[in-house]
Amino acid sequence: MNPLAISIFIMSLAIGTTITISSHHWLLAWIGLEINTLALIPVMTKNPHPRAIEAATKYFLTQATASALVLFSALINAWQTGEWTITTLLNPSSTSLSIALMMKLGLAPLHFWMPEVLQGIPLLPGLILSTWQKIAPMTLMLQISQLINLELMIFIGLISILVGGWGGINQTQLRKIMAFSSIGHLGWMLIILKFNPQLTLLSFTLYLFMTSAMFLSLIVSNTTKMQDISTTFTKIPVLTSFMMLILLSLAGLPPLTGFIPKLLITMELMKQNAIILASTIMFLSLLALFFYIRLTYILTLTLSPNTSYSTSLWYFKTKINFLISPITSFALFIFPLSPSLLLLM
């Protein structure tokens with residue numbers, strides 16, 4: 001694709017997200033969401049493969065449906081209240097708006113588009129879809145968090161954690177596994193959203209770092225299937241070791257970064273006397289832990305270390321190597337800073 005066209009689409013993604021984040025008006029927020037959706041579709045179909053076209057079509061139809069529901073709910077709310085302000089919502093409109101935003105985020109049971117779309121597109125658009133495209137809907141969710149029905153959020157969050165763990169167990173495609181991982185992490189954030197929105201924001205920020213680090217590692221190693229990662233240790237041993245740690249961080253094991261949101265969310269639920277809810281989400285997370293551990297086993301324990309005779313130039317052809325070191329550091333080693341992060345909240 002023409003570099004000028006790519007730069008225009010990437011700039012449109014940034015502009016759309018910025019408009020949504022900075023808006024206090026539902027119409028402006030909807031415009032930003034639409035710009036985001038339309039800017040990503042050409043990036044998805046950069047390689048005109050039938051699978052990429054199918055994934056882009058599914059993505060467009062799902063996002064168009066969610067955007068129409070956002071606009072419809074905002075119109076009804078403006079008709080009832082006489083205001084377009086995001087934080088002024090009545091009960092029926094807040095429920096339909098939250099469902100539309102959950103569809104945009106890919107939360108269960110509105111998640112069916114997410115694994116299929118992510119599987120059909122290349123890794124770089126998949127990185128954008130799993131990280132950048134979730135910023136705008138999550139920002140709107142944070143703004144209306146105190147107006148959403150608590151029972152609905154807990155139900156959707158529990159279903160998302162269950163689907164995120166159960167759906168990823170039987171997968172062999174890494175992009176689908178990352179899609180179900182995303183669903184599970186967003187379920188944790190949704191459960192705590194009404195209790196502590198700042199904790200949701202912290203969890204979402206750490207999720208962006210961990211998911212970005214994993215996708216960048218997959219891009220550099222050029223792996224999309226489980227059988228591909230079993231041989232990466234002989235080619236890029238250092239990156240493979242870090243990929244194993246990133247997967248354990250995504251699983252939420254201490255002392256890695258991914259342990260911070262799980263620890264703080266569980267502590268917050270205990271403070272709210274939601275002990276049964278905290279126990280339930282921890283038990284459901286064991287499903288996701290299983291496929292993360294399985295991936296780490298395939299990465300590092302299925303092939304004995306041996307010398308590679310291939311040249312070292314082939315895996316430095318990508319232009320994103322300079323991003324891997326800082327993002328991986330954030331994705332792995334922030335846990336000692338968690339007291340400082342709590343003070344910032």
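Hey, can you tell me all the residues within segment 31-68 that are assigned to a helix (DSSP H, G or I) and charged (D, E, K, R)?
Matches in segment 31-68: E34, R51, E54, K58.
Residues in segment 207-230 that are over 12 Å from T300 (Cβ atoms), not basic (K, R) and not in a helix (DSSP H, G or I): how many?
Residues in segment 207-230 being over 12 Å from T300 (Cβ atoms), not basic (K, R) and not in a helix (DSSP H, G or I): 3 in total.
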Quick one: F204 ticks every box in (1) under 22 Å from M153 (Cα atoms); (2) outside any helix (DSSP H, G or I) except a single one, so which number is it? (2)
Please find, within segment 232-244, the residue that is farthest from S181 (Cα to Cα) out of those that are in a loop (DSSP other than H, G, I, E, B) and not basic (K, R). T234
Within segment 88-134, residues being at pLDDT 90 or above, open to solvent by less than 10 Å² (accessible area, probe 1.4 Å) and not in a helix (DSSP H, G or I) number 3
Return yes when L71 is over 25 Å from I156 (Cβ atoms), more than 22 Å from the chain's Cα centre (by Cα), assigned to a helix (DSSP H, G or I) and modelled with pLDDT under 95 and no when it is not. no
Among the residues of segment 245-281 satisfying the criterion of being part of a helix (DSSP H, G or I), over 18 Å from the mean Cα position of the chain (by Cα) and among the small types (G, A, S), which is surrounded by the most Cβ atoms within 10 Å (Cβ to Cβ)? A278
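The values are calculated or read from the model by the stated rules, or taken from the named source; none is laboratory data. Model, not experiment: these values are computed from the prediction. Positions of Cβ are generated from backbone atoms using ideal geometry, with glycine treated the same way; all protein chains shown enter the neighbour counts. The protein model used for the area step is the full one, side chains on, heavy atoms only, and it has no ligands, DNA or RNA in it. Shrake-Rupley method; radii C 1.70, N 1.55, O 1.52, S 1.80 Å.
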